[in-house]
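All remarks here apply to the structure that follows.
The values are calculated or read from the model by the stated rules, or taken from the named source; none is laboratory data. These numbers were taken from a predicted model, which means no experiment stands behind them. As a convention, Cβ positions derive from the backbone with ideal geometry for all residues, glycine included, and neighbour counts pool all protein chains shown. Calculation scope for accessible area: heavy atoms of the full protein, side chains included, ligands and nucleic acids excluded. Shrake-Rupley method; radii C 1.70, N 1.55, O 1.52, S 1.80 Å.
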Amino acid sequence: LGNFTVNHYDGLRFDPDGVSDVAVVDAAEIPTAQAAPSIDTDSDGVASAAERSVYADRRCASLAAAVQLTVEGRTVPFVVGSRLFTYRPGVAGLRTSRLECRLRAMATMASPTTAAFTDGFEASRVGWHEITAVGTGVRLEHCPVPQRSISDGLLHYPNDLLSSPLDVRAATLHLVPGAGASSVKPGANMVPSAGILDRGVNQVTTVFNHLVGRRHLTVAVGLAAVALALLLGAAHAALPGHGKTVMAAYIAGRQGSVRDAFVVGATVTATHTGGVLALGLALTLSASLAGEAILQVLGVVSGLLVAGLGAGLLIGALRQRRAQRADAAVVPAAEPIAAPALVLVGAGGPPVTAPHDHGFSSHAHGHSSGGHTHSDSHRHGHPAPAVVSRRGLVGMGIAGGLVPSPSALVVLLAAVALGRTLFGIALVLAYGLGMAGTLTVAGLVLVKVRDRYRGRLGSRRSVAGTLARRWADLIPITTACLVIVVGLGLGARGAGVV
């Protein structure tokens, strides 16, 4: 569960005369902050009891119209009874909100009955969705939902930062009149759980949010918050779905260097920081803007961008391989000879000596020894290794930082609410630097492994070494295919397909 979520609970109670529903909507910090102007209608900065009551009336009426109940195929409308809207403390000094609506639908259940319930209220918002059902004077047979709330009516969720929140929005129930215990289908009480890393990150996040939300900010507290922001950003990038492996593979597959890894890291930092600031401003200006919908679109764009870079990588690798085969067919094999050295002079730098390697173990022209000299116009056309381009590096960095972290966003909004905008921007920047650190380290490790592996392959002349070198020739193509597949997977995940 994140700071964008709008969570739903419906506690159904069936009796011979009808159905009651205790409907609860628990909104996290960001949607609560967005809704604040529509509650505080006089804009005095305080939501009075009268303003909260008017808002509860309006929201419960919308909720009653959005939930649907059919009894034996006939639609039965709900009528709103009592309603209540309250604020609750959230993270980093922000607030969450809780709306409780008690609904009633009249229906006679004097004989075996089939009832179908669907909660369609704000169906596009992500979050926890839970339904429970009990009978009074009627029995539920093989009920698909539990009788007791797993989350205690959205008061105590079983795990923080759930990777797979409960998502039950509809239930079909079979009712039999008379007293007796109801039966529940196996698996109705199963609870999704968070992983060890998620729980560890959540504990650090709790401490971090407490520091950010403190009313009195000292230098020590500020420095501790910045340090934790770096740590949380690094941990956030270590979680699945951030393409760190793909970025590292892209750098290594395009003959990237240590400097290239740092370029990607810097781009990730700039993109993520800018994205959080822009999204925070947009959410502040618009109460109807769904932050998770924006993240979904950005996730798709990020995945397609990675896939496009992978396609370019594949085209370059295939061209290089064709050129190598063409040269191998033209140049006959011979004993290896020492390659002359070339002097490379950089702009404004000292000359650098490098071997003139044609990319083959032999280089024979078949000419006599008399008077054959090389000139600048005598080109061999040997393909150079694919070199990572600055455009590709920036594109990969943008893909890595394009989707803003909700945790960083809520910290920014909390700091702004406390009048510490610059402090909030500094925390977001530190968060982005932490993300970039993880991604940069992943790229550096793969570059170092690649260089060591290549050196060992070049020194072996055995059959195993030959096979290994041939496999190494396929690595650029394999890397490109990996980038494409993972990019499409990230796009599908952003679209909610997987």
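Which one is farthest from PHE423 (Cα to Cα) among residues in the stretch 71-103 that are open to solvent by 80 Å² or more (accessible area, probe 1.4 Å) and free of Cβ contacts under 8 Å to residues at least 40 places away in the same chain?
Ranking the candidates gives ARG74 first.
Scan the stretch 39-54 for residues that are closer than 22 Å to SER20 by Cα and either in contact with a Leu (Cβ under 7 Å, 6 or more places away or on another chain) or open to solvent by less than 30 Å² (accessible area, probe 1.4 Å) (or both) and jot them down.
The answer is none; no residue qualifies.
Given the residues LEU84, LEU161, LEU173, which is the only one that is at pLDDT 95 or above and out of contact with any His (no Cβ under 6 Å at 6 or more places or on another chain)?
LEU84
Could you identify the single residue in SER149, SER124 that is in contact with a strand residue (DSSP E or B) (Cβ under 8 Å, 6 or more places away or on another chain), on the phi < 0 side of the Ramachandran plot, of a type in the set (Gly, Ala, Ser) and not in a strand (DSSP E or B)?
SER149
Output the number of the condition that GLN68 fails; it satisfies all remaining conditions of (1) free of Cβ contacts under 8 Å to residues at least 40 places away in the same chain; (2) farther than 24 Å from ALA47 by Cβ.
GLN68 satisfies every listed condition except (1).
Would you mind telling me which numbered condition in (1) closer than 12 Å to ARG125 by Cα; (2) open to solvent by 10 Å² or more (accessible area, probe 1.4 Å) GLU29 fails?
Of (1) closer than 12 Å to ARG125 by Cα; (2) open to solvent by 10 Å² or more (accessible area, probe 1.4 Å), only one is false for GLU29: (1).
Of everything in the stretch 104-142, what is over 21 Å from ASP152 (Cα atoms), open to solvent by 60 Å² or more (accessible area, probe 1.4 Å) and β-branched (Val, Ile, Thr)? Give them in sequence order.
Of everything in the stretch 104-142, just one residue is over 21 Å from ASP152 (Cα atoms), open to solvent by 60 Å² or more (accessible area, probe 1.4 Å) and β-branched (Val, Ile, Thr), namely THR108.
The conditions are (1) within 30 Å of PHE423 (Cα to Cα); (2) at pLDDT 80 or above, and GLY308 fails exactly one of them. Which is it?
That leaves (1) as the condition not met.
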